[in-house]
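The values are calculated or read from the model by the stated rules, or taken from the named source; none is laboratory data. Since the model is a prediction, treat every value here as computed from it, not as a measurement. Every residue, glycine as well, gets a Cβ built from its backbone with ideal geometry; the counts of neighbours run over all protein chains shown. Accessible surface is based on the protein model in full, side chains and every heavy atom, while ligands, DNA and RNA are left aside. Shrake-Rupley method; radii C 1.70, N 1.55, O 1.52, S 1.80 Å.
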Amino acid sequence: MHETCDDPIDVVVSFTDGRVTPRRLRWRGREYAVERVNLIHATNEGERRVFYFSVSDRNHDFKLRLDTEALQWKMVELYADG
Amino acid sequence: MPTARRIIIHADMNSYFASVEQQANPRLRGKPIGVTGKRTERSVVAAASREAKKLGVKTAMFTWEAKKICPSIILVPGDPEKYGEITERFNAIFRDLSDKLERFSVDESFLDVTETARDYLGAIMVAQIIRRRLREECGEWITASIGIARNKLLAKAASETMKPDGLVVVKPGDEIAFLDSCDLQDLCGIGPRTARHLERLGVTTLKQLRDVTLDTLLREFNSYGAWLYAAARGMGDDEVVGDEADPKSVGHSYTLPRDAYAPKTIRRYLLGLCDKVGWRLRRDGFKARSVSAFIRYGDPSTSSGHRFDGSGSEHRFREGVDDGLALFRIAWSLIESGRDPDRPIRLVGISAGTLTRGATQVSLFPKECRTAAAVMALDRATRRFGSRAWTRASLLTTPILERTSGFAYDHEL
């Protein structure tokens, strides 16, 4: 299953060595533990810096968007079995 | 005057766009995938994963052909900004480890490591550090094939011989033996057309090419014959050229979502492209003194495209131009003067050339002053909010999507 969306989410992160790493996220009332960070990349939307985190838990692969100006996390893509 | 022997590394990222997608999404790993343009149905495979390549899918193949050959292929719309960021990341690694870096394309770079590596053992160490840092900083799925040799021609051929994740060294003295293990078309610069021409001369291997005299090659291929003569002997350019030089032109082309006959449709896409080129000129402080336009027809005729060159005296600008609308007016007149109205247009393009740097001259005419002020305000909006900050009302229904191309990223251009 592949779904694209634009849902605000809550994310618990760790700050280590100047890096932000998502650890847990809450989306549509469910909590997911991030097991792997597959790729982090950033884009510029004008002067605004936006980071994308491609992360996985045991059964899902997520793409999260962090707007560094609005300090807002969003779920933008989800892959899951089935 | 003889120059010191150089040590050149060519790093070629394996199945680059597809590998980045597989790095980001583990569900795609081990599967045949093809990265396409924004519209997968009217696109080509910009990059096939190594699994798709094994099943016969090739880069630049139409998506419908890829589906036919490999029905299980997963087509993924390209994400140029993602690839652009990873390109920056691996080039930063290369820059750390070399004296000079030349970005040959979005997924290939040449490194001059003569000073940093000092000898071939040092160059192998550099290659191993590149592999480790790629794994750590880009991800385990993103790998490069690396060739090491005394010039760019041999280093590139070496990297081609072992994929993925290969490391091939052509030691001094081994050049001819290495070339004799290569096919003609393994050399960058010998394409299918040249190979066919050589075959007509009875040449199908690089060894046979060495037996052809320089006179014969010059007669058959003009000045390119001299390059062939040298290439067959492993001689080639060893100068790694940095990115400091100014561009010679700024251009943009676009495949329309549907083939179009209507001038209004073609005009709108051309205007959108001209606005993009104008913005890039202004952003980088250039003005264009000439413009050329390009179309490709969508029907299966033998003549597939036309370039309309405006660099001749009658179409050259007297003053440098950096405004999209001014570029558009000339480009459209060039296209209209040569377009066959009975044939559908698939692709439209523009290139602004003869670039100069310099301050904008302030016009004495109020209308031109108002236009210049409006353009400056729009540029400020673009800098602040990005390239989607504004569009002309006439282009609201004509969005130009970013391409996933082989040589540069639209968002960087």
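Just so you know, in segment B:81-103 the residues that are under 17 Å from B:Ile146 (Cα atoms) and of a type in the set (Gly, Ala, Ser) include one that is surrounded by the most Cβ atoms within 10 Å (Cβ to Cβ), and it is B:Ser98. Do you know which residues across segment A:65-82 are surrounded by 12 or more Cβ atoms within 10 Å (Cβ to Cβ) and farther than 23 Å from A:Gly46 by Cα? Matches in segment A:65-82: A:Leu78, A:Tyr79, A:Ala80.
For segment A:69-79, the condition holds for at least one residue, the condition being that it is without any contact (Cβ under 8 Å) to a residue 60 or more places away in the chain and within 14 Å of chain B (Cβ to nearest Cβ).
Would you check if B:Leu256 is outside the structural domain of B:Arg339 (by TED's automatic domain parsing), outside any loop (DSSP other than H, G, I, E, B) and open to solvent by less than 50 Å² (accessible area, probe 1.4 Å)?
no
Once segment B:264-281 is narrowed to residues that are in contact (Cβ under 8 Å) with a residue 12 or more places away in the chain and open to solvent by 60 Å² or more (accessible area, probe 1.4 Å), the residue that is farthest from B:Ala331 (Cα to Cα) is B:Lys276. For segment A:41-64, a residue qualifies if it is crowded, with 20+ Cβ neighbours inside 10 Å and more than 9 Å from every other protein chain (Cβ to nearest Cβ), and the qualifying residues are A:Phe53, A:Val55, A:Phe62, A:Leu64. Determine whether segment A:1-22 contains at least one residue that is open to solvent by 90 Å² or more (accessible area, probe 1.4 Å), assigned to a strand (DSSP E or B), within 11 Å of another protein chain (Cβ to nearest Cβ) and at pLDDT below 90. Taking every residue of segment A:1-22 in turn, at least one turns out to be open to solvent by 90 Å² or more (accessible area, probe 1.4 Å), assigned to a strand (DSSP E or B), within 11 Å of another protein chain (Cβ to nearest Cβ) and at pLDDT below 90.
Of the residues making up segment B:30-61, those that are surrounded by fewer than 14 Cβ atoms within 10 Å (Cβ to Cβ) and at pLDDT below 85 are B:Arg39, B:Glu41, B:Ala60. Exactly one residue out of B:Arg196, B:Arg219 is over 30 Å from B:Thr114 (Cα atoms), out of contact with any helix residue (DSSP H, G or I) (no Cβ under 8 Å at 6 or more places or on another chain) and not assigned by TED's automatic domain parsing to the domain that holds B:Arg5, and it is B:Arg196. Only residues that are open to solvent by 80 Å² or more (accessible area, probe 1.4 Å) and within 11 Å of chain A (Cβ to nearest Cβ) were counted across segment B:388-399, and they come to 1.
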